[in-house]
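Taking it in order: structure first as structure tokens, then the write-up.
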Amino acid sequence: MTMFQHALLVLLLPLTSAAVIALFLRRSGGIASILSTVTAAAIAGFALLLALNNSRFSESFEWLRLGNFALSIGFKFDDLAALMLVIVGIVGLCVHVFSLGYMHEDTAKARYFGGLSIFMFSMLGIVFADNLFMMFIFWELVGFSSYLLINHWHENAAPAAASKKAFIANRVGDFGFLLGIVMCYWANGTVNFTELATKADTHALVISTAIPLLLFCGAVGKSAQLPLQVWLPDAMEGPTPVSALIHAATMVAAGIYMLCRINVLMVPDALTVIMWTGTATALYAALCAIVQSDIKKVLAYSTLSQLGYMVAAFGLGSLTVAHAHGADTHTVVLAAGVGAAMFHLTTHAFFKALMFLGSGSVIHGCHHEQNIFRMGGLAKKMPFTFVTFTLGVAAIIGFPFLAGFFSKDAILYLAFANNKAVFAVLALTAVLTSLYMVRLWKITFLGAPRSDAASHAHEGGLTLTAPLLVLAILTVIGGYTGIYPDVFSGVFDLIPEAHGSDHTVILLTSLAVMVLGAGASLALYGSTATDSLQQKSPGLFGALTSLQLSFDRGYEYYVAKVQQRFALFLNFLEQIFLAGLIVRGLAGIVGLVGLGARALHVGRLNVYVYWFLLGIVILWIYATFNF
């Protein structure tokens, strides 16, 4: 088989699995789970085969034509796609294996694993897409499949509401994304990534700030950036393995991947907006994480914050764009930003998936308890989960030589070199990250058990622990770029000409913020059943809680007071003018004409003779006076 055929097989495997489960295995959860997991294993195997092979290819065929417009379906498999494919394959397999144990007793297991398969198909389509139209199709399929997975326990009100919220918030961003695609095609005559890059090389690319910003709207929705971040914390109502798959490593990372795909369209003004959006999201989410008591919501806000880091990295150093005024010149040079963003995306996928699955292990061991203040003492009860989760926490706070240490420092270096204000905000965010993650770790695992569930906590079986081991290993070694094949060298060529003094500043800053945040957390939080920050500083705690709720309250106000009233006003106009005057008015006029016409038909000959004579008189007057 050729590499293209291998790629096509990888794409079609999960679709086939989902179809078989939906058509034949809806009542056979055990078989469905095995089929979906075996499919995920095959995807991971083929992903490694494709990535390790030096062959890169681009294949496409015309799918739909409307006049001069042609919609193509194609594969673009380069270093970027190879990296993303490996991430999706490995994390997807770990989540499938973990789900075998976590969802073992679920009565709708077949529907769950069918949803996982259709999600894998959708995500792989985004990875392979060679043009924006194809990417948008799979982009929407990802939204649909995530709706199904978040809403798995649809009989409960909270998951049902969360799935609708995620779906609607993403549609808002996707509307801008679609407008950007249309505008890109209208301006450049193509949305194919390779053709856009060629136009950029030949100075034929249309430079526009609107195009990249509209396309960025899709990333704002999918990667949960301000102001559309409200859906991701609520999405934790879905099964925990779903959170690990779509909210840590794949779906939310699709926005970052899309930005890296459209880097040739970027202009300085757009990059500035992207940079500050990511920076603001990173800080906002870190502040919100400090007051969370649900173990999954702490990780959800942590994911928001780290996604902000990636977006900021892209905006900081992705491109150098030169536009000569009065000349058709558009030179685009790929630089450190794409590498830094993708590097952190990769390491984050490993350690955040590890922590999400670790939280699932904790929830499973504590009989579905999710409040960290009702845990405690789990280090002794669940030692394997404790060790692996500790590695994840150490990686995200930047402990030396773990995965997050390298990728976070790459982003801080870019900020230090390009924008000191962004560097200051991201450094503060790193302090807060260390603070809330050590808080989560200490309250959950140390001290004495604070509930009956924690007292009787237990380690899960092999299906729950094996994925943790794999992800823990990747968390340890994932930052060493030398372990990646040579095909990834371009992606990880982060800082080609770095000054030693700058590296020293970044290294010392990184270590200082980690120690400062961790030390403050260890000193502030004790083994109590209530939040120490709430006890010692209720004003600050209340302010942070209000900050967390501010966007939801703002949207609720907008829907209830603005949108609803505007809808009522439009309904009034529709009833009075459209339905009343125009529709019913015209109908009334026609009715009156009909009534008058019926009145003329009385059925008596003498009356018709009078009307005939009246008509002759009218015609004579018209002809005589030349009306």
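The values are calculated or read from the model by the stated rules, or taken from the named source; none is laboratory data. Everything numeric in this text was worked out from a predicted model, so none of it was measured. Note that each Cβ is placed from the backbone with ideal geometry, even for glycine, and that neighbours are counted across all protein chains shown. Heads up: the accessible areas ignore ligands, DNA and RNA and are worked out on the full protein's heavy atoms, side chains in. Shrake-Rupley method; radii C 1.70, N 1.55, O 1.52, S 1.80 Å.
Note down all Cβ pairs under 7 Å where the first residue falls in segment 215-228 and is under 11 Å from F175 (Cα atoms) and at pLDDT 95 or above, the second is open to solvent by 10 Å² or more (accessible area, probe 1.4 Å) and outside any helix (DSSP H, G or I), and they're at least six residues apart or on different chains.
G221/L228
Does A7 fit the bill of being within 26 Å of the chain's Cα centre (by Cα), assigned to a helix (DSSP H, G or I) and surrounded by fewer than 18 Cβ atoms within 10 Å (Cβ to Cβ)?
It is false that A7 is within 26 Å of the chain's Cα centre (by Cα), assigned to a helix (DSSP H, G or I) and surrounded by fewer than 18 Cβ atoms within 10 Å (Cβ to Cβ).
Give the residue, chosen from A472, A394, A417, A453, that is touching a residue at least 12 places away in the same chain (Cβ under 8 Å), at negative phi and touching a Leu at 6+ places or on another chain (Cβ under 8 Å).
After ruling out the rest, the residue left standing is A472.
With the condition kept exactly as written, say whether any residue in segment 43-62 is more than 23 Å from T481 (Cβ to Cβ), among the hydroxyl-bearing types (S, T, Y) and modelled with pLDDT under 95.
The answer is yes; a qualifying residue exists.
Just for helices (runs of 4 or more DSSP H) wholly inside segment 498-559: which have at least 3 residues that are over 18 Å from L432 (Cα atoms) and not aromatic (F, W, Y)?
Answer list for segment 498-559: 500-524, 538-557.
Checking the conditions here, which among L213, L245, L259, L232 is aliphatic (A, V, I, L, M), under 22 Å from the mean Cα position of the chain (by Cα) and open to solvent by 10 Å² or more (accessible area, probe 1.4 Å)?
Every option except L213 fails the conditions.
Can you tell me which residues in segment 266-297 are in a loop (DSSP other than H, G, I, E, B) and either under 20 Å from W441 (Cβ atoms) or among the small types (G, A, S) (or both)?
Correct list: I290, V291, Q292, S293.
Return yes when A82 is over 22 Å from H6 (Cβ atoms) and over 16 Å from the mean Cα position of the chain (by Cα) and no when it is not.
It is false that A82 is over 22 Å from H6 (Cβ atoms) and over 16 Å from the mean Cα position of the chain (by Cα).
Checking A200 against (1) touching a strand residue (DSSP E or B) at 6+ places or on another chain (Cβ under 6 Å); (2) open to solvent by 50 Å² or more (accessible area, probe 1.4 Å); (3) of a type in the set (A, V, I, L, M, F, W, C): exactly one of these is not met. Which one?
Answer for A200: the failing condition is (2).
Can you tell me which residue among M135, M120, M183 is over 27 Å from L468 (Cβ atoms), buried (at least 23 other Cβ atoms within 10 Å of the Cβ) and touching a helix residue (DSSP H, G or I) at 6+ places or on another chain (Cβ under 8 Å)? Full working, then the answer.
Numbers: M120 fails: over 27 Å from L468 (Cβ atoms); M183 fails: buried (at least 23 other Cβ atoms within 10 Å of the Cβ).
Selected residue: M135, the only one of M135, M120, M183 that is over 27 Å from L468 (Cβ atoms), buried (at least 23 other Cβ atoms within 10 Å of the Cβ) and touching a helix residue (DSSP H, G or I) at 6+ places or on another chain (Cβ under 8 Å).
Go through segment 387-418 and report how many residues are surrounded by 21 or more Cβ atoms within 10 Å (Cβ to Cβ), under 23 Å from A249 (Cα atoms) and aromatic (F, W, Y).
Number satisfying all stated conditions: 3.
What helices (runs of 4 or more DSSP H) lie completely within segment 388-488 and have 3 or more residues being of a type in the set (G, A, S) and within 23 Å of A289 (Cα to Cα)?
403-418, 420-445
Would a scan of segment 362-373 turn up a residue that is over 16 Å from V298 (Cα atoms), of a type in the set (V, I, T), in a helix (DSSP H, G or I) and touching a helix residue (DSSP H, G or I) at 6+ places or on another chain (Cβ under 8 Å)?
no
Does S434 qualify as being in contact (Cβ under 8 Å) with a residue 40 or more places away in the chain, open to solvent by less than 10 Å² (accessible area, probe 1.4 Å) and farther than 30 Å from H503 by Cβ?
So S434 fails the test.
What do you reckon, is A18 within 23 Å of the chain's Cα centre (by Cα) and among the small types (G, A, S)?
yes
Six or more apart or on different chains, Cβ atoms under 8 Å: show the pairs whose first residue is in segment 554-571 and within 17 Å of P227 (Cα to Cα) and whose second is open to solvent by less than 100 Å² (accessible area, probe 1.4 Å).
Listed pairs, sorted by first residue: Y555/V230.
Within segment 573-593, can one find any residue that is among the polar types (S, T, N, Q), surrounded by 10 or more Cβ atoms within 10 Å (Cβ to Cβ), assigned to a helix (DSSP H, G or I) and free of Cβ contacts under 8 Å to residues at least 60 places away in the same chain?
For segment 573-593, residues among the polar types (S, T, N, Q), surrounded by 10 or more Cβ atoms within 10 Å (Cβ to Cβ), assigned to a helix (DSSP H, G or I) and free of Cβ contacts under 8 Å to residues at least 60 places away in the same chain: present.
For segment 542-557, does any single residue satisfy the condition of being aliphatic (A, V, I, L, M) and open to solvent by 100 Å² or more (accessible area, probe 1.4 Å)? Break it down stepwise before answering.
To start, the set of residues in segment 542-557 that are aliphatic (A, V, I, L, M) comprises 543-544, 547, 549.
This time we only want the ones that are open to solvent by 100 Å² or more (accessible area, probe 1.4 Å), so: none.
Scanning segment 542-557 turns up no residue that is aliphatic (A, V, I, L, M) and open to solvent by 100 Å² or more (accessible area, probe 1.4 Å).
For V95, state whether it is surrounded by 24 or more Cβ atoms within 10 Å (Cβ to Cβ) and under 19 Å from A466 (Cα atoms).
Working: surrounded by 24 or more Cβ atoms within 10 Å (Cβ to Cβ): yes; under 19 Å from A466 (Cα atoms): yes.
Taking the combined requirement at face value, the residue satisfies it.
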